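The structure appears below as structure tokens.
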Amino acid sequence: MEEIGSVSVGRTQYLRKMYVYRCVRQPGLALGYISVNGTGYAYRCLQCKRLRKNRSLTIVNDAIVPGTQHPEDGHHEACKGVPLAEVESRQIDRQIRDAVRTTGKRPREAFSNTMCAIPKRYKSEELQQQVIVNAPTYASVRRLLSRHRAQRCTPIPDPLNILDLLRSTLRGREADDESSHKNERFLLYSGENGKPH
Ligand SMILES: [Zn+2]
């Protein structure tokens, strides 16, 4: 059977989980895959999705489950791989943002941890070099914190009139239009008996 490429865990620009598929037929190119419905093992090609085609793969435990078709077959004719170094450099920026946001790490710490992990993450020295050359600078990363603080801390002008933005969860705010989590509300309880309202 023909060899298939491997996948590594990454983040979308909205920091949702995605997979980066490394092409074997076109070495040096990659395809992005995102979850079909937020749960389960089906992931669809991001490039095909933009072209309104559905091309999905089954990924279990960070590995592709081989199907009847090679992972690089069955894509939209305009779906082309993206240079892996480009995809991975964007991943560096997203990993730092994700660390700042989910762990509350300071940008300097998140930046140096992520940069130090580059040699471990990429076996090929050539790819390491390309990722380092294209990675964000510390100056650009420092600005991320204020952006994330602004996103997390929305001022409340009137406590008796809570903004709609603050009534939905972070997951609800960042979900895709098709997602069942889109604009999901916090579960609110009131009264001594904790009745939902
Ligand atoms: Zn595709």
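Screening Q91 with (1) out of contact with any strand residue (DSSP E or B) (no Cβ under 6 Å at 6 or more places or on another chain); (2) within 26 Å of K123 (Cβ to Cβ); (3) of a type outside the set (V, I, T); (4) away from the ligand (no atom under 15 Å from the Cβ) gives one miss only, at (1). Residues that are under 20 Å from the mean Cα position of the chain (by Cα) and buried (at least 17 other Cβ atoms within 10 Å of the Cβ) were ranked within the range 119-135; the one that is nearest to V100 (Cα to Cα) is A135. Residues of the range 1-27 that are among the aliphatic types (A, V, I, L, M), outside any strand (DSSP E or B) and surrounded by fewer than 14 Cβ atoms within 10 Å (Cβ to Cβ): M1 alone. Only one entry in A30, A63, A85 is away from the ligand (no atom under 16 Å from the Cβ), surrounded by 18 or more Cβ atoms within 10 Å (Cβ to Cβ) and in contact (Cβ under 8 Å) with a residue 12 or more places away in the chain, namely A85.
Take the conditions over 18 Å from the mean Cα position of the chain (by Cα) and surrounded by fewer than 21 Cβ atoms within 10 Å (Cβ to Cβ) and apply them to P71. Does it pass?
No, not satisfied.
Can you find a residue that is within 14 Å of the ligand (Cβ to nearest atom) and not acidic (D, E) anywhere in the range 9-16? No, the range 9-16 contains no residue that is within 14 Å of the ligand (Cβ to nearest atom) and not acidic (D, E).
Within the range 7-28, the only residue that satisfies the criterion of being hydroxyl-bearing (S, T, Y) and more than 14 Å from Y43 (Cβ to Cβ) is Y14.
Laboratory data are not the source of any read-out in this text; all were calculated from the coordinates shown. A quick note: this is a predicted structure, and the numbers were derived from the prediction, not measured. With ideal geometry, Cβ positions are generated from the backbone for all residues, glycine too; neighbour counts draw on all protein chains shown.
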